[in-house]
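Trainee: For reference, the structure I am asking about is given below.
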């Protein structure tokens, strides 16, 4: 084989490989275009799509502890918008009134400046009020760390929601002494 034949063969192989790759990518795009989009708001009507993964996580954590909680069925709604706190910083709120029963509001500025861990902490805290009917609990350990996600905003204990303490704090959130009536008996 001379040099021209090698170049021809090389270019021919490149053309075949490029054609196959283009057809493969085109086929994938066509398949993706035919896939129905999942409407996250259908899972949780009235819930900002940015909150959906946290709502799902709450349900999963509840089920791991024996509770069957369907936030969509319970009609829990949630939005992210500015919260005006009369003289104090309010990053989340759950309302219980007739106009907005079990309505979660997360402050826009808090949302934009917070980590996923801190967002989860606040959303789970507010869902603790809305769904588990938990009040605040400000007990602390000997090092001054909070023993509950349900601590008040002016608690004397220090936040303790880290990857190393998450499981323990979620166990406390769903503790049977506080939420026994929601226990899944099946």
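The values are calculated or read from the model by the stated rules, or taken from the named source; none is laboratory data. Quick caveat: nothing in here was measured; it's all calculated off a predicted structure. Backbone-built Cβ (ideal geometry, glycine too); neighbour counts: all protein chains shown.
Trainee: Can you go through 64, 9 and tell me which one is under 30 Å from residue 130 (Cβ atoms) and modelled with pLDDT of 50 or more?
Mentor: 64
Trainee: Name the residues in the range 46-103 that are free of Cβ contacts under 8 Å to residues at least 24 places away in the same chain, assigned to a loop (DSSP other than H, G, I, E, B) and either surrounded by 12 or more Cβ atoms within 10 Å (Cβ to Cβ) or at negative phi (or both), would you?
Mentor: 70, 73, 84, 85, 86, 97, 98, 99, 100
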